[in-house]
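Q: Quick one: this structure, given as structure tokens, is what I'll be asking you about.
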Amino acid sequence: MINSIKKLSLSSILLLLVSCTAVLPPMNQQVTQQFKDKPPQIHHWQKANNQTLLILTFSGGGTRAAAFSYGVLKGLRDSRIMRKGEPIPLLSEVDLISSVSGGSFTAAYYGLFGKQIFSDYESRFLKHPIQSELIHRWLSPKSWGKLGSNFFNRSDLAAEYYSQQIFQNKNFSDMREDMPLIIINSTDISAGMPFSFIPSNMNWICSDLGSYP
């Protein structure tokens, strides 16, 4: 009985010590000259020389928005137009995708993995029990140390999950050059202003977009 109490006390002390440590390293890496000279995907966008300019915008709205934007991609994939006497998928003519919130899951996944989105996006994200897995992570003792930090909260834990389980720890520099230019948009809550994850904006805060997850 005494040994059990000692073990419990020791475990509690260790847990408290862990919760007092910094668990989140700085995520914004300093921008490099190489990145300034050749930011990811931008050079691909400048070289585009198609007869058709096709831009998609994906709105927010959680998983429903992600599913709707995914349906748009499938519809464009199945639609054909004539190029040099040959039918090609209308999806191949898309030059740029601008997205926000739930729509950004689809845009980012397509920019990272291309046509693979049509084989595993539904099972990996749309039909996956993400909410229950997030709740499990929040309640897991493994997360208590992180959540006890002043630099880490439930949103960070969710972002960590999305990065690992959905996007396979990819960064902006991993966006494929044979895909449309992807612009992910968000909101600066403190200023109430939109913020787009593009090189010019990241340069203002001296951060390397290519290394950003």
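Nothing in this text is a laboratory measurement; each read-out follows from the coordinates by a stated rule. Owing to the predicted nature of the structure, the values given are computational and were not obtained by experimental measurement. A quick note on method: Cβ atoms are made from the backbone with ideal geometry, for glycine too, and the neighbour counts reach across all protein chains shown.
Q: Please go through the residue pairs 127/170; 84/170; 84/127; 74/146 and name each one whose alpha carbons sit more than 30 Å apart in this structure.
A: 84/170; 84/127; 74/146
Q: May I pose another question? Using modelled amide H (1.01 Å from N, peptide plane; none on Pro or chain starts), what sits under 5 Å from the amide H of residue 186, excluding residues fewer than 5 places away?
A: Excluding prolines and chain starts, which carry no amide H, the hits are 195, 196, 197.
Q: Would you please classify the overall shape of the range 138-203 from the alpha carbon gyration tensor, given that a ≥ b ≥ c denote the square roots of the eigenvalues, rounded means a/c under 1.5, and beyond that prolate means a/b larger than b/c while oblate covers the rest?
A: Verdict is oblate for the range 138-203.
Q: Still on this structure: With r defined as the distance between the Cβ atoms of residue 149 and residue 78 and R0 fixed at 41 Å, what FRET efficiency is calculated, to the nearest 0.05?
A: For residue 149 and residue 78, the calculated efficiency is 0.30.
Q: For the range 80-213, rounded, prolate or oblate, judged on the Cα gyration tensor with a ≥ b ≥ c (square roots of eigenvalues), a/c < 1.5 rounded, else prolate if a/b > b/c?
A: It comes out oblate by the Cα gyration axes.
Q: Something else now. Quick check on the range 119-175: take the gyration tensor over C-alpha atoms, sort the square-rooted eigenvalues as a ≥ b ≥ c, and tell me if it's rounded (a/c under 1.5), prolate or oblate.
A: oblate
Q: On a C-alpha basis, how far is the centre of the range 53-90 from the centre of the range 144-212 in Å? Whole number, if you could?
A: Comparing the Cα centres of the range 53-90 and the range 144-212, I get a distance of 24 Å.
Q: If the label point is 7 Å along Cα→Cβ of residue 158, which residues in the range 117-138 have backbone nitrogen under 17 Å from it?
A: 125-138
Q: With the crude spin-label approximation of a point 7 Å out along Cα→Cβ, what separation in nm comes out for residue 188 versus residue 139?
A: For the pair residue 188/residue 139, the computed spacing is 4.0 nm.
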